[in-house]
Amino acid sequence: MSVVDLAQFMEDLATQSGAAILPFFRAHFGLDDKSHGTGRAFDPVTEADRAAEAVMRRMIKDRLPSHGILGEEFGSERADAECVWVLDPIDGTRAFISGLPTWGTLIGLTHHGAAVRGLMHQPYLGERFLGDGKTASVRTAKGERRLHTRRLDSLGAAILATTDPRLFTEGEEAERFRAVEADVKMSRYGADCYAYCMLAAGQIDLVVEAGLKPYDIVALIPIVEGAGGVVTSWDGGPATGGGRIVAAGDRRLHEAALKRLNP
């Protein structure tokens, strides 16, 4: 398929997965705990997660059978393929089950392991954030506009976001996060994938997280980078594998954050 075809196919995945999800939002639905009472943190999954990922997997297998798939709910298939779709049907499940619209469907595409295209779809609000690592945009009912991160070099002027400060393992990891948080102007919690999109839109300056899986971050990398930002692991390496992630709207701010995270 051509680049244009891939872009349209990604849009089709968003449309069909959104149609599968929306009937469950702010409604009564089934809920399972993936921790299965093992003592780990509550890890919810809904019927909507499974329905949306099943739809996307079926579409990919039908139209792009040589491509691989990595999804949160149903694992990986053809993980060694040249092109692999990385799917999180509902990133922000806790927000979803609480009726809060700060969740989204993440659809990413890797080529030889590099994140090359990404889309975050919020079907309830009718927003789509798209990026290819070179440009990024957001599409709403009002139209489409380019995204640009905010130019900022000082932690003291930055707005920081993380999904939950409890993501960080107590001890050195939590201390490193708190060192960054102590230096910023303001911090916000609970935005999940929305934080990265707001970073791309120039509303947030820095996102620091830990314990992420590839499907939590791959789709967001081309969006942030396409808007002018940078996304890496805490040690400055590739972010596609998940783990400890730092994203910044400005490379100077990213370097400042890395110094706090790697004292």
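Got a number for residues in segment 152-168 being open to solvent by 90 Å² or more (accessible area, probe 1.4 Å) and in contact with a strand residue (DSSP E or B) (Cβ under 7 Å, 6 or more places away or on another chain)?
Looking only at segment 152-168, we keep the residues that are open to solvent by 90 Å² or more (accessible area, probe 1.4 Å), and these are 166.
Retained after the next criterion (residues that are in contact with a strand residue (DSSP E or B) (Cβ under 7 Å, 6 or more places away or on another chain)): none.
So the count comes out to 0.
What are the residues in segment 77-99 that are assigned to a loop (DSSP other than H, G, I, E, B) and touching a residue at least 24 places away in the same chain (Cβ under 8 Å), if any? Don't jump to the end; show me each part of the working.
Step one: of segment 77-99, the residues assigned to a loop (DSSP other than H, G, I, E, B) are 78-82, 92, 98-99.
Passing the criteria: GLU82, GLY92, GLY99.
Whenever a residue of segment 237-251 is of a type in the set (S, T, N, Q), its partners that are open to solvent by less than 10 Å² (accessible area, probe 1.4 Å), lying with C-beta atoms within less than 6 angstrom and at least six residues away or across chains, give the pairs THR240/VAL218.
Based on this model, can you work out whether ARG145 counts as at pLDDT 95 or above and over 24 Å from LEU100 (Cβ atoms)? Yes; evaluated as a whole, the condition is true for this residue.
Residues in segment 45-60 that are open to solvent by 50 Å² or more (accessible area, probe 1.4 Å) and either touching a Gly at 6+ places or on another chain (Cβ under 6 Å) or without any contact (Cβ under 8 Å) to a residue 12 or more places away in the chain (or both): GLU47, ARG58. All conditions in (1) at negative phi; (2) in contact (Cβ under 8 Å) with a residue 12 or more places away in the chain hold for LYS259, with the sole exception of (2). Of all the numbered requirements in (1) touching a strand residue (DSSP E or B) at 6+ places or on another chain (Cβ under 9 Å); (2) assigned to a helix (DSSP H, G or I); (3) basic (Lys, Arg), ARG188 misses one, and that requirement is (2).
Restricting attention to segment 169-191 and to residues that are in contact (Cβ under 8 Å) with a residue 40 or more places away in the chain, open to solvent by 30 Å² or more (accessible area, probe 1.4 Å) and among the charged types (D, E, K, R), the residue that is farthest from THR140 (Cα to Cα) turns out to be ARG176.
Among the residues of segment 138-151, is there at least one that is touching a strand residue (DSSP E or B) at 6+ places or on another chain (Cβ under 7 Å), closer than 26 Å to ASP49 by Cβ, in a helix (DSSP H, G or I) and not β-branched (Val, Ile, Thr)? Lay out the reasoning, then the answer.
Here is the first cut: in segment 138-151, the residues touching a strand residue (DSSP E or B) at 6+ places or on another chain (Cβ under 7 Å) are 138-140, 144-147.
With closer than 26 Å to ASP49 by Cβ added as a condition, the list becomes 138-140.
Narrowing the set further to residues that are in a helix (DSSP H, G or I) leaves none.
No, there is no match, as no residue in segment 138-151 is touching a strand residue (DSSP E or B) at 6+ places or on another chain (Cβ under 7 Å), closer than 26 Å to ASP49 by Cβ, in a helix (DSSP H, G or I) and not β-branched (Val, Ile, Thr).
The values are calculated or read from the model by the stated rules, or taken from the named source; none is laboratory data. What you are looking at is a predicted structure, and each value in this text was computed from that prediction instead of being measured. Using ideal geometry, Cβ is built from the backbone for each residue, glycine included, and neighbour counts are taken over all protein chains shown. What goes into the accessible areas is simple: the full protein's heavy atoms, side chains included, and nothing from ligands, DNA or RNA. Shrake-Rupley method; radii C 1.70, N 1.55, O 1.52, S 1.80 Å.
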